1. Can you tell which of Asp161, Asp125, Asp157 is in contact with a His (Cβ under 8 Å, 6 or more places away or on another chain), in contact (Cβ under 8 Å) with a residue 40 or more places away in the chain and among the charged types (D, E, K, R)?
2. State whether the residues of region 140-148 include one that is buried (at least 23 other Cβ atoms within 10 Å of the Cβ) and within 33 Å of the chain's Cα centre (by Cα).
3. Thr26: surrounded by 23 or more Cβ atoms within 10 Å (Cβ to Cβ), β-branched (Val, Ile, Thr), modelled with pLDDT under 90 and in the same structural domain as Lys95 (by TED's automatic domain parsing), yes or no?
4. Going through region 240-253 one residue at a time, which ones are in contact with a Leu (Cβ under 9 Å, 6 or more places away or on another chain), in contact (Cβ under 8 Å) with a residue 60 or more places away in the chain and surrounded by fewer than 19 Cβ atoms within 10 Å (Cβ to Cβ)?
5. Out of (1) modelled with pLDDT under 90; (2) in contact with a Gly (Cβ under 9 Å, 6 or more places away or on another chain); (3) part of a helix (DSSP H, G or I), the odd one out for Leu119 is which?
6. If we scan region 84-94, do we find a residue that is over 38 Å from the mean Cα position of the chain (by Cα) and under 26 Å from Glu334 (Cα atoms)?
7. Quick one: how many residues across region 267-297 are in a helix (DSSP H, G or I) and under 22 Å from the mean Cα position of the chain (by Cα)?
8. So, in region 64-91, exactly how many residues are buried (at least 18 other Cβ atoms within 10 Å of the Cβ), out of contact with any Phe, Trp or Tyr (no Cβ under 8 Å at 6 or more places or on another chain) and farther than 17 Å from Ile120 by Cβ?
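The values are calculated or read from the model by the stated rules, or taken from the named source; none is laboratory data. No experiment lies behind these values; they were computed from the predicted model shown. Quick reminder, even Gly has a Cβ in these numbers, built from the backbone with ideal geometry, and neighbours come from all protein chains shown.
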Amino acid sequence: MTRFDDLALDPKVLKAVSESGYETPTPIQVQAIPHALEGRDVLGIAQTGTGKTASFVLPMITHLSKGRARARMPRSLVLAPTRELAAQVAENFEKYSRHVKLSMALLIGGVSFKDQDKLIDRGVDVLIATPGRLLDHFERGKLMLTGVQIMVVDEADRMLDMGFIPDIERIFKLVPFTRQTLFFSATMAPEITRITEEFLHNPVRVEVARQATTSETIDQHVCKHTPKRRDSADSDKREVLRRLIRAEGETLTNGIIFCNRKRDVDVVAKSLKKHGFDAAPLHGDLEQSMRMKILGDFRDGALKLLVASDVAARGLDIPSVSHVFNFDVPIHSEDYVHRIGRTGRAGRTGKAITLCLPHEEKYLAKIEELVKKTIPVLTSPLGSAPAETEAEAEAGARAPRRSERARRSESRRAEPRKAEDRGDTRAPAAQPAAEAAQPRGDSRSDRGGRRRDDRAVVGMGDHVPAFLLREFRFDTAPAETKASEPESAGEAAPAEISAPEVTASESPVEATTPENAAPEAAAPEAAAEAPEVKAEDAPPAKKPRAPRRRATSRAKAAAAEETAPAA
């Protein structure tokens, strides 16, 4: 059996490893450390939890123990996809380099630039950073990468998932061509393979296990649940999770619950706290100080349940995790390997349970295809889902009918519009009920352009001014009839406004008799009394108006006819 003493490491490094309690290296360490000590590029592929971090940390410390750092020019560079993973790599360097005088700087977000600039100005042997913060320092002119001798990319496939590949390619062009490059990952996507072929020089491929395989020490299960109602799926899922946690009992010392979305992380954490569980959320939107505190409490045992997004799925080394719960089935099947890899580490046993709803079974099928095994199915603690009350069942039954009625109503409203668009002027066969119920007098037009009430004035809307609705009565009787009626009654006949107009030229009396002078002299008096309008028809006037010219001519004609028999 190979021991660390057989790997040609620096004696001071071996002493630190022995003090940490390790004597036998893992398969990936046995194969990768000798090639790394020789200065060759290494492409390491191994399942998570197999000790990949020590595979590059130990040979780097051995190389860097000989030499001296210069200001703003780090001698080695380690890139990590997340802050937590970068901080974990920094802890490994501190642990294994305790007997070697090496300086180290950690460049991650959420920390002041000034504190990081001070470390860089002093000169660092090991620079551990996330790609974004590293480029920020470089663009500010605080960092030069021309002195990098060893470059490590940890969790390269995670870099691809998080969109760091363009930044990785840029960083590779900033470091010297003669560097030594170490690539480590649990899965190798085609894009990662392209980068390794472009930037690694004749690398040694170290693959101790088939890609994307899970550890045999992990007991895997999937709990399928079919909710009776779609709107209660999330609440049922949280109840299933709580019952599964209670069912594990004392065997669950601590556990990580993974969710696909940050929003669900907060919701699940609050739900567990509400029901008496010791849980806390961990995702990328939290402040860095809070994230480090929560992660530290979980690592120290002060926190029992950690609800996290995939930010905690890669590279975090917490050996004592007993359980992993997948609240959501991972969309990317490779994430399943990394998630359940948080348990069953360093030869320990662990248990992973995945909650699966019917719409997530397609993702589960991809996972089983990736890991080349069928995951055993657990019976849902809720059985066939909680029973609904009568009111809830009735409300759920009415919802489809309401939506169907709305859909039909919308299609009926759209029919006139479609007919108008295609130039069809024919009226629809049936009028919608909403239009039939519309009160008469409404001048608004429907969607088909048809006027609902022909009596309404176009352009006036619902309101029509009162003066437009007032009726005027017009008398069209002949003037002879009107003139004879007052004589029999013994009173004067008022002239109607709409009586036929008779001019002086048309009257035979005015043309032949000379006695017209006297009646004509009295004509102004009759004209003044002529334009009378009925009180019920005429609008009220504040002051009398001047007689109209048409009424005067009518009065003259009436007076002439009255005096004609006498002559």
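1. Result: Asp161 is the single residue among Asp161, Asp125, Asp157 that is in contact with a His (Cβ under 8 Å, 6 or more places away or on another chain), in contact (Cβ under 8 Å) with a residue 40 or more places away in the chain and among the charged types (D, E, K, R).
2. Restricting attention to region 140-148, the residues satisfying the condition of being buried (at least 23 other Cβ atoms within 10 Å of the Cβ) are 143.
Then drop every residue that is not within 33 Å of the chain's Cα centre (by Cα), which leaves none.
No, region 140-148 contains no residue that is buried (at least 23 other Cβ atoms within 10 Å of the Cβ) and within 33 Å of the chain's Cα centre (by Cα).
3. Details: surrounded by 23 or more Cβ atoms within 10 Å (Cβ to Cβ): no; β-branched (Val, Ile, Thr): yes; modelled with pLDDT under 90: yes; in the same structural domain as Lys95 (by TED's automatic domain parsing): yes.
Judged against the criteria, Thr26 is not a match.
4. The answer is Arg243, Leu252.
5. (2)
6. Yes, region 84-94 contains at least one residue that is over 38 Å from the mean Cα position of the chain (by Cα) and under 26 Å from Glu334 (Cα atoms).
7. 4
8. So the count comes out to 8.
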